[in-house]
Amino acid sequence: MADAGRNPNAGREAGGDASAYAAMLARAEALIPKLSERASRTEELRRLPPETERELHESGLFRVVQPKRVGGSEFDYVALVDCADVLGQGDASVAWNFANLASHANLDIAVDMVVFAGEPLPAAVLDPALVVVTPPACT
């Protein structure tokens, strides 16, 4: 499936920088040998091995759709799928987990500030009408 469905508008979403898109795919491709080597361990663990998770973080791949204002690449979801496609050449389980985890990195700006930028949430952002109270567990 290599390059079959790749984003023809690569880089337009990230300020016109097609080289950033190519670099993201190259970082994913660089992980393929390690992911292939670790595939049986991933299956045995039934989760991502800690080193795989670390490598996805260190490579910046988890930030593929995250807004630039908090350090992400700000690519579209087609780019996310393209990246998952590349990772899947090494381990389909890693690709599935990556796509699910990375797709949640494009959150509300207030959440971005707290989660990704480490900034305290401004009191003005807190709307009591939006506060969700979790009911106690049913026994």
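The values are calculated or read from the model by the stated rules, or taken from the named source; none is laboratory data. Model, not experiment: these values are computed from the prediction. Here Cβ is always computed from backbone atoms with ideal geometry, including for glycine, and neighbour counts include all displayed protein chains.
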Those residues of the range 75-86 which are surrounded by 20 or more Cβ atoms within 10 Å (Cβ to Cβ) and part of a loop (DSSP other than H, G, I, E, B) amount to Phe75
List every residue pair whose Cβ atoms sit under 6 Å apart, with the two residues 6 or more apart in sequence or on different chains, where the first one lies in the range 73-84 and is under 12 Å from Phe62 (Cα atoms) and hydroxyl-bearing (Ser, Thr, Tyr) and the second, anywhere, is at pLDDT below 90 and part of a loop (DSSP other than H, G, I, E, B). Ser73/Ala14
Based on what the data block shows, is Leu48 surrounded by 13 or more Cβ atoms within 10 Å (Cβ to Cβ), within 17 Å of the chain's Cα centre (by Cα) and modelled with pLDDT under 80? no
Taking the range 24-66, which residues are farther than 14 Å from Asp91 by Cα and not in a helix (DSSP H, G or I)? Ser59, Gly60, Val64, Val65, Gln66
